[in-house]
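Working notes, structure below.
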Amino acid sequence: MIMLNRIPSLCVCIVSVLMLCPRVWSQAPSKIEFESGGENTVSLKVDGKPLLTYVKSPTAFDDLKVNEYKTYLSQLYTPEGRNVLRDSPADHVHHHSLMFAISADDVNFWEEMGKENAGVQFAPTFAIHSNVVESDGKRIGEAVIDQNVAWFKPDKSIAIREDRTIRVFIENDLDATLLDWSSKLSVGPNRESVKLSGSHYYGLGMRFDQTMDKNGTFFCDTGSEIPGDNVRGDEKKTTCKWMAYTADLHGKPATVAVFDAPENPRPMSAFTMGQAGQSFAYISATVDLEKEPITLEKGKPLTFEYGVAAWDGKKSVAEVQKLYQTWLEKRKGK
């Protein structure tokens, strides 16, 4: 629970991790485990191989460094064990791999411009667990990260309360790393409403490994060519059900995609940059807040939910579409 009258200390709740028996479940990993990387990170491993690393929260609210303003997913690995993300590069230190941030009541939670101007995502609670679910007559593993995230303004009041759930679907025959990111936003205490706004790239943003920056191609559910509108330079916005990017990752191709949930407040407008080798590569799932802000009202929370997938190899429109459909089905059973 978020304490409203003071800055809460970080409380970490570790739920027991389930060990799965391969003799009972031949199509599943034999071991799913979370491993602490210190007081501020936790890693998910499957059969001893890394799958992701998560940064839980800033550890010192009153003494933040420029790259400590968010809670986010810092590493995401393909099935072959290759990390596709890049955290806090020198050109944009506020780019934290896979992160969710927007503006709230005109406070910027995306760029990290100092405590006097930027907001801070501080998570007083953190819980992890894994379990087994039934789907299509077989057992499928899941690993879940749950957080209550307080979005603090510079005056230390809470603009937004976020209930964040990251659910990882673990199944050998998926041929991909697949997760669901859900951020349920409610107004902070003593507020009737909060204006959600931001620049054209605010949302669920993804910065790629440096080797993927200038050799890749974006494509979406409408085909291999992106039909979006140019925003600035090589930056585009495309309304789509999913957006994917394929590029060489340390000399071998990999593909990454973000999926839009049909129930989101607005359809996804995917921000992309780096298509022609200009600048660096980036994808962000946005809802066009720069064109039309959204009013978050007391008692009427809004949920922003997206899927994220990472494959080894270059994938086609049909292959990405197939996993998108799989993700839609898996969401129904959550």
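The values are calculated or read from the model by the stated rules, or taken from the named source; none is laboratory data. Just so we're clear, the structure is a prediction, and the values are computed from it rather than from any experiment. Cβ placement follows ideal geometry from the backbone for every residue including glycine, while neighbour counts extend to all protein chains displayed. These area figures cover heavy atoms from the full protein model, side chains too; ligands, DNA and RNA do not enter into them. Shrake-Rupley method; radii C 1.70, N 1.55, O 1.52, S 1.80 Å.
Could you pull out the residue among GLU68, GLU80 that is modelled with pLDDT under 90, among the acidic types (Asp, Glu), out of contact with any helix residue (DSSP H, G or I) (no Cβ under 9 Å at 6 or more places or on another chain) and open to solvent by 20 Å² or more (accessible area, probe 1.4 Å)? Step through it out loud before you land on a result.
Working: GLU80 fails: modelled with pLDDT under 90.
None of the others qualify; the one that does is GLU68.
MET273 versus (1) farther than 16 Å from HIS200 by Cα; (2) under 19 Å from the mean Cα position of the chain (by Cα); (3) at pLDDT below 95; (4) hydrophobic (A, V, I, L, M, F, W, C): which is the lone unmet condition?
(1)
Among the candidates PHE280, PHE219, single out the residue that is over 18 Å from LEU73 (Cβ atoms), in contact with an Asp or Glu (Cβ under 9 Å, 6 or more places away or on another chain) and in a loop (DSSP other than H, G, I, E, B).
Among PHE280, PHE219, only PHE280 is over 18 Å from LEU73 (Cβ atoms), in contact with an Asp or Glu (Cβ under 9 Å, 6 or more places away or on another chain) and in a loop (DSSP other than H, G, I, E, B).
So that you can scan it fast, the table gives a plain yes or no per residue for (1) crowded, with 19+ Cβ neighbours inside 10 Å; (2) in a loop (DSSP other than H, G, I, E, B):
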| site | (1), (2) |
| --- | --- |
| THR272 | yes, no |
| SER284 | yes, no |
| GLU290 | no, yes |
| PHE304 | yes, no |
| TRP311 | yes, no |
| GLN325 | no, no |
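Any chance you could count how many residues in region 180-189 are closer than 21 Å to PHE126 by Cβ, in a strand (DSSP E or B) and out of contact with any Pro (no Cβ under 7 Å at 6 or more places or on another chain)?
4
Given (1) closer than 19 Å to LEU98 by Cα; (2) not in a loop (DSSP other than H, G, I, E, B), where does THR295 come up short, assuming only one miss?
(1)
Scan region 171-179 and tell me whether some residue there is within 25 Å of LYS314 (Cα to Cα), within 17 Å of the chain's Cα centre (by Cα), of a type in the set (A, V, I, L, M, F, W, C) and in a loop (DSSP other than H, G, I, E, B).
Scanning region 171-179 turns up at least one residue that is within 25 Å of LYS314 (Cα to Cα), within 17 Å of the chain's Cα centre (by Cα), of a type in the set (A, V, I, L, M, F, W, C) and in a loop (DSSP other than H, G, I, E, B).
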